[in-house]
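Structure first, commentary second.
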Amino acid sequence: MKLTVGPRSVGFTLTVCIVVAGAFMPVLAQQPSERELKQANNPLADFTAFNVQNYWIPELYGLPDENANTTWARFVVPVDRWVIRASAPLPTVPTAEADSKSGLGDINAFAAYLLTGPSKPRQFGVGPLLVAPTATDDAL
């Protein structure tokens with residue numbers, strides 16, 4: 001397997017991660033409670049959270065010498081029986097030219113009305129999903 005990483009995509013992603021980590025370092029230094037650990041991956045969790053996730057694709061089908069990367073910044077806040085989550089992607093994708101494109105993707109937000117209580121082992125919610133066309137380039 002040949003692994004290639006463009007300096008622009010790595011530099012952009014590292015810059016974003018360093019800025020976000022530095023801004024939230026006091027929050028990151030706190031020890032999470034057992035409840036927070038259990039709810040960390042629950043999109044309907046009933047506590048305020050800010051997450052940064054990174055997805056790196058080392059090889060793309062049909063493009064063996066190219067890779068892609070997306071860093072997601074997500075903010076979740078509960079309001080009574082509603083859970084509101086906004087997500088902003090920061091992708092780096094290969095283009096037909098030699099360079100990759102990096103920037104802001106389409107921001108999305110959803111508001112879920114919780115049909116079940118937070119203590120239930122299975123939770124259900126319904127609500128709208130909104131996508132704002134905020135991409136800085138059509139490739140993103």
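The values are calculated or read from the model by the stated rules, or taken from the named source; none is laboratory data. As the structure is a computational prediction, the values presented were derived from the model and not from experiment. Quick reminder, even Gly has a Cβ in these numbers, built from the backbone with ideal geometry, and neighbours come from all protein chains shown. All accessible areas refer to the heavy atoms of the entire protein, side chains included, with ligands and DNA or RNA removed. Shrake-Rupley method; radii C 1.70, N 1.55, O 1.52, S 1.80 Å.
Given the criteria out of contact with any His (no Cβ under 9 Å at 6 or more places or on another chain), modelled with pLDDT under 90 and buried (at least 16 other Cβ atoms within 10 Å of the Cβ), does Leu140 qualify?
Judged against the criteria, Leu140 is a match.
Of all the criteria given as (1) over 24 Å from Pro133 (Cα atoms); (2) free of Cβ contacts under 8 Å to residues at least 60 places away in the same chain; (3) not hydroxyl-bearing (Ser, Thr, Tyr), the one not satisfied by Pro64 is (2).
Counting only strands (runs of 3 or more DSSP E) that sit wholly inside the range 80-140, those with at least 3 residues that are free of Cβ contacts under 8 Å to residues at least 60 places away in the same chain and closer than 25 Å to Asp65 by Cβ are 82-94.
Looking at the range 54-79, which of the residues that are out of contact with any strand residue (DSSP E or B) (no Cβ under 8 Å at 6 or more places or on another chain) and assigned to a loop (DSSP other than H, G, I, E, B) is surrounded by the most Cβ atoms within 10 Å (Cβ to Cβ)? Only one residue tops the list, namely Glu59.
Collect the residues in the range 80-102 that are hydrophobic (A, V, I, L, M, F, W, C) and open to solvent by 60 Å² or more (accessible area, probe 1.4 Å), keeping them in residue-number order.
Residues satisfying the conditions are Trp82, Ile84, Ala96, Ala98.
Screening Gly105, Gly125 for residues that are of a type outside the set (D, E, K, R), more than 22 Å from Val52 (Cα to Cα), in contact with a Leu (Cβ under 8 Å, 6 or more places away or on another chain) and surrounded by 16 or more Cβ atoms within 10 Å (Cβ to Cβ) leaves exactly one candidate, Gly125.
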